[in-house]
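Single-structure report; data block below.
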Amino acid sequence: MLETMMCALVTVLPDYLFRRFVQGKRIGHEITLFTMWYELRWGLTTCAILALTVITTLFYFHPSSSAAASYFRTVTILPQLGGRVSEVYVTNNQEVTAGQPIFRIEDFTQTAQVEAAHAQIAQVQASLKVAQTDLAEADAGIAGARAALDQALEDLERNTTLRDQGSSAVRLTEIERLENLAAEREAQVVAAQSQRAAVVQQIEELIPAQLASANAQLDAALTELDKTVISAGVTGRVEQFGLQVGDYVSPLLRPAGILVPSHSGHDRFQAAFNQLSAQVIKPGMIGELGCMTKPFTVIPVVVVQVQDVIPSGQIRPSDELRDVQTNTHPGSILVYLEPLYKGMADKIPPGSNCLANVYTDNHAKLEDENLGFWDKAFLHVVDTIGVVHAAGLRLRLILMPVNTLVLSGH
């Protein structure tokens, strides 16, 4: 409407003034409702062409979007184990910090596993003490076997010396008996040393391995016990939380509630623009934003990022070929906007529905001295008509409460 009225000032109005004051035609006489098209055909035609050109240029170089919002993420409150709730530590709409307990489920099985792991560790430690006693006993056995071996070797050496000297007091059977006894005592020493080595191996290898296994079982049991306490992963507000003691929760069947992070969705907006804006909207462009949650307020924003893919073109492997003709709804260009000045959007709740405009700025191009006259004129026109779009945004923000509260039949 504004564009048509502006174009009429330089087309229809001059045509009428020419007809009225040059040709002498008057409204109600020569210029009537039935002759208006014929009398003002040049002005009306030029006005229509110029209005369409201005509107097309305006919406192309200064894109607008009625689908802008500050999206925020949510975290589902889920237990890692299924079970019945034994304690609840928070209430709905309560602010929680990261790591703060939210609720606890029954932990009878996990507590029993922890106690069994502690008992296993105590048993291994007791076996270590027994092995140390066995080591002392093995050392004593080695000492006794060596003493008996030394005694047998001394008796054998004495009898052998007497035999070599030709003494008749020594019998060959006695020497054979002492040789067998010495061999037996030597075998006892070897057996005692082997027994000690086995005890040492138990102390140095087997029992430490058993102790490490028991500690690992205790760590696993404690981990399972910790899973019975569900804590907040991030700082935020608990929503849709109606859990009570005795309720059953499950990681697959029944979540406990939703946690909304504190800083998610603030000072960042996402707007969807049509695909014709793909070559116009660039990071760094200035725009304006108006939200239903804060009417009559225009928030200056800046484009910080433009998604480089269009969602309607995504595919995933399936058992049938994709038919491009089924894609009847073209996707939009996703643009990320942030407030130009800090604190401008602090009172905008995440999830607010907003209107957004983005304006093309050719100031840097107009500083080029080599730019031609018509190019400069065109760029000036592009920058100037952005005021019309800005006025339209403000008009829509003014009418937004009326449309919502009166005309929409709320």
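The values are calculated or read from the model by the stated rules, or taken from the named source; none is laboratory data. Every value quoted in this text rests on a predicted model; they were computed, and no experiment measured them. Counting neighbours? That spans all protein chains shown, and the Cβs are built from the backbone with ideal geometry, glycine included. For the accessible areas, the whole protein counts, side chains as well, though only heavy atoms, and no ligand, DNA or RNA atoms are used. Shrake-Rupley method; radii C 1.70, N 1.55, O 1.52, S 1.80 Å.
So for the stretch 385-395 (the condition being under 15 Å from Met292 (Cα atoms) and over 38 Å from the mean Cα position of the chain (by Cα)), does at least one residue qualify? Write out each step before concluding.
Step one: of the stretch 385-395, the residues under 15 Å from Met292 (Cα atoms) are 393-395.
With the extra rule that they be over 38 Å from the mean Cα position of the chain (by Cα), the set shrinks to 395.
Checking the stretch 385-395: at least one residue is under 15 Å from Met292 (Cα atoms) and over 38 Å from the mean Cα position of the chain (by Cα).
Yes/no matrix, rows are residues, columns are (1) assigned to a strand (DSSP E or B); (2) touching a Gly at 6+ places or on another chain (Cβ under 8 Å); (3) aromatic (Phe, Trp, Tyr); (4) within 30 Å of Leu135 (Cβ to Cβ):
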position: Leu181; (1), (2), (3), (4): no, no, no, yes
position: Ile207; (1), (2), (3), (4): no, no, no, yes
position: Ala212; (1), (2), (3), (4): no, no, no, yes
position: Ala221; (1), (2), (3), (4): no, no, no, no
position: Leu225; (1), (2), (3), (4): no, no, no, no
position: Arg237; (1), (2), (3), (4): yes, no, no, no
position: Val249; (1), (2), (3), (4): yes, yes, no, no
Among helices (runs of 4 or more DSSP H) entirely within the stretch 330-410, at least 2 residues that are crowded, with 16+ Cβ neighbours inside 10 Å occur in 373-384, 386-402
If you go through the stretch 272-286 one residue at a time, do you hit one that is open to solvent by 40 Å² or more (accessible area, probe 1.4 Å), at positive phi and of a type in the set (Gly, Ala, Ser)? yes
So if I check each of Val301, Val358, Val387, which one is in contact with a Ser or Thr (Cβ under 9 Å, 6 or more places away or on another chain) and modelled with pLDDT of 85 or more? Val358
From the list Leu222, Leu211, Leu218, pick out the single residue that is of a type in the set (A, V, I, L, M, F, W, C), open to solvent by 60 Å² or more (accessible area, probe 1.4 Å) and out of contact with any strand residue (DSSP E or B) (no Cβ under 7 Å at 6 or more places or on another chain). Leu222
Test Val54 against the criterion of being surrounded by 14 or more Cβ atoms within 10 Å (Cβ to Cβ) and either assigned to a loop (DSSP other than H, G, I, E, B) or free of Cβ contacts under 8 Å to residues at least 60 places away in the same chain (or both), and give yes or no. no
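Out of curiosity, is Thr4 under 30 Å from Phe273 (Cα atoms), β-branched (Val, Ile, Thr) and at pLDDT below 80?
On the way: under 30 Å from Phe273 (Cα atoms): yes; β-branched (Val, Ile, Thr): yes; at pLDDT below 80: yes.
So Thr4 fits the description; yes.
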For the stretch 173-187, does any single residue satisfy the condition of being open to solvent by 70 Å² or more (accessible area, probe 1.4 Å), in contact (Cβ under 8 Å) with a residue 24 or more places away in the chain and in contact with a Lys or Arg (Cβ under 8 Å, 6 or more places away or on another chain)? no
